[in-house]
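Engineer: Here it is, the structure, as structure tokens.
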Amino acid sequence: MPFIKWCYQQHGSPKNPAIILLHGFMGSAESWKSVTSHLKDSYYCLSLDLPGHGNTVVTEEASYTMPETAGEIIRLMNDMNIAQSHLIGYSMGGRLALYLAVRFPDRFKKVILESASPGLKSPQDRKLRRIRDEELATFLEKQGMDLFLKFWYNQPIFSALKTNPDFPNIIEQRKNNDPNRLAASLRRMGTGVQPSLWKDLERVSVPILLLVGEKDQKFRNISSQMSALSKNIRTEIIENSGHTIHIENEKKYVTEIKKFLGK
């Protein structure tokens, strides 16, 4: 019996090659609508609301974890008769996409990771991150969305996004989230609790494209380290963008996706 009742958006014909799109923290399937408008003529785009986000319903707390969520995505693919798919993931969704590529390589043709990492390398770093994520989860539960959003987007990695003309609309979309469900996501799928995938990279068999913004130095460094570990992983730096490339330079983002996937 599935413990996740998925909410998703579909764009394009199911007869075309499938692309599954996984959003970042506080996003939803709606986050991909502009991107999929450029892909739907050639691909069948399936954008999911991840656990704790949008209208997806999770009946068991354990299903928020990365291994459980990944298993439920495979179950959904089976139910929808999707034998193989391309995969796109941003930030949190990128970490999940990499996990899927590592654990279920036969189900994915090509994978695009935007501003994503394989997790943290050392147990000590993961422990510190779990403490930090617990603090953030408690902040969400006690202070609510408005104060949390103000705090979250004051982080340096979002400095470029805050100058984007669409930023006010993004904030309004984020306010639709339930703070308690987001807190559950932080505790169960945060970087501190996810399995570290660094040691798996040298065995990756699926072609992976890493997209990273030229202004996002932290993730440029991470992407460089990832590419060095596998001949199947390459990095493309996207100009005029920071962490949220699909918003900050959508035209170039879509161009790179089409070039990498082909048909």
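Engineer: Return a yes/no flag: does region 253-263 have any residue that is in contact with a Lys or Arg (Cβ under 9 Å, 6 or more places away or on another chain), in a helix (DSSP H, G or I) and under 26 Å from Phe167 (Cα atoms).
Structural biologist: No; the residues of region 253-263 include none that is in contact with a Lys or Arg (Cβ under 9 Å, 6 or more places away or on another chain), in a helix (DSSP H, G or I) and under 26 Å from Phe167 (Cα atoms).
Engineer: Another question about this same structure. So which residues in region 213-249 are over 23 Å from Ser122 (Cα atoms) and in contact (Cβ under 8 Å) with a residue 60 or more places away in the chain?
Structural biologist: Of all residues in region 213-249, those over 23 Å from Ser122 (Cα atoms) come to 213-215, 231-232, 234-249.
If the condition is that a residue be over 23 Å from Ser122 (Cα atoms) and in contact (Cβ under 8 Å) with a residue 60 or more places away in the chain, then Gly213, Ser241, Gly242, His243, Thr244, Ile245, His246, Ile247, Glu248 are the ones that fit.
Engineer: Moving on to the next point. Are any residues in region 120-152 of a type in the set (Ser, Thr, Tyr) and in contact (Cβ under 8 Å) with a residue 12 or more places away in the chain, and if so, which ones?
Structural biologist: Within region 120-152, just Thr138 meets the criteria.
Engineer: Now a separate question. Would you check which residues across region 198-212 are outside any strand (DSSP E or B) and touching a helix residue (DSSP H, G or I) at 6+ places or on another chain (Cβ under 7 Å) and list them?
Structural biologist: Within region 198-212, Asp200, Leu201, Val204, Ser205, Val206 meet the criteria.
Engineer: Within region 225-239, which residues are closer than 18 Å to Ser91 by Cα and either of a type in the set (S, T, N, Q) or buried (at least 18 other Cβ atoms within 10 Å of the Cβ) (or both)?
Structural biologist: Hits for region 225-239 are Gln225, Met226, Ser227, Ile233, Thr235, Ile238.
Engineer: Given the condition free of Cβ contacts under 8 Å to residues at least 24 places away in the same chain and more than 14 Å from the chain's Cα centre (by Cα), answer yes or no: does some residue in region 5-16 qualify?
Structural biologist: No; the residues of region 5-16 include none that is free of Cβ contacts under 8 Å to residues at least 24 places away in the same chain and more than 14 Å from the chain's Cα centre (by Cα).
Engineer: For region 213-235, enumerate the residues that are small (Gly, Ala, Ser) and in a loop (DSSP other than H, G, I, E, B).
Structural biologist: Ala228, Ser230
Engineer: Tell me, please, whether a residue that is surrounded by 17 or more Cβ atoms within 10 Å (Cβ to Cβ) and in contact with a Phe, Trp or Tyr (Cβ under 6 Å, 6 or more places away or on another chain) can be found in region 119-138.
Structural biologist: The answer is no, given that none of the residues of region 119-138 is surrounded by 17 or more Cβ atoms within 10 Å (Cβ to Cβ) and in contact with a Phe, Trp or Tyr (Cβ under 6 Å, 6 or more places away or on another chain).
Engineer: Among the residues of region 240-255, count how many are surrounded by fewer than 20 Cβ atoms within 10 Å (Cβ to Cβ) and under 17 Å from the mean Cα position of the chain (by Cα).
Structural biologist: 2
Engineer: Oh, and also: Of these, Gln155, Gln124, Gln173, which one is modelled with pLDDT of 95 or more and of a type outside the set (Lys, Arg)?
Structural biologist: Going through Gln155, Gln124, Gln173 in turn, just one is modelled with pLDDT of 95 or more and of a type outside the set (Lys, Arg): Gln124.
Engineer: Going by the conditions given, is Gly89 surrounded by 16 or more Cβ atoms within 10 Å (Cβ to Cβ), in a strand (DSSP E or B), within 17 Å of the chain's Cα centre (by Cα) and of a type in the set (Gly, Ala, Ser)?
Structural biologist: So Gly89 fits the description; yes.
Engineer: Turning to a different aspect of this structure: Out of Leu96, Leu100, Leu140, I need the residue that is closer than 19 Å to His23 by Cβ, in contact with a Pro (Cβ under 8 Å, 6 or more places away or on another chain) and not basic (Lys, Arg). Which one?
Structural biologist: Leu140
Engineer: While we're on this one: Which of the residues spanning region 97-118 are touching a Phe, Trp or Tyr at 6+ places or on another chain (Cβ under 6 Å), outside any loop (DSSP other than H, G, I, E, B) and of a type outside the set (A, V, I, L, M)?
Structural biologist: If the condition is that a residue be touching a Phe, Trp or Tyr at 6+ places or on another chain (Cβ under 6 Å), outside any loop (DSSP other than H, G, I, E, B) and of a type outside the set (A, V, I, L, M), then Glu114 is the only one that fits.
Engineer: Taking Glu30 as the residue in question, decide whether it is touching a residue at least 24 places away in the same chain (Cβ under 8 Å), more than 28 Å from Ile171 (Cβ to Cβ), among the acidic types (Asp, Glu) and in a helix (DSSP H, G or I).
Structural biologist: No.
Engineer: How many residues does region 52-86 hold that are in a helix (DSSP H, G or I) and either out of contact with any helix residue (DSSP H, G or I) (no Cβ under 8 Å at 6 or more places or on another chain) or surrounded by fewer than 17 Cβ atoms within 10 Å (Cβ to Cβ) (or both)?
Structural biologist: Looking only at that region, the number is 9.
Engineer: Determine whether Ala101 is buried (at least 21 other Cβ atoms within 10 Å of the Cβ), within 20 Å of Ser28 (Cα to Cα), modelled with pLDDT of 95 or more and under 15 Å from the mean Cα position of the chain (by Cα).
Structural biologist: No; evaluated as a whole, the condition is false for this residue.
The values are calculated or read from the model by the stated rules, or taken from the named source; none is laboratory data. It should be emphasised that the depicted structure is a prediction, and the values quoted were computed from it without experimental measurement. Cβ sites come from the backbone with ideal geometry, for glycine too, and all protein chains shown count toward neighbours.
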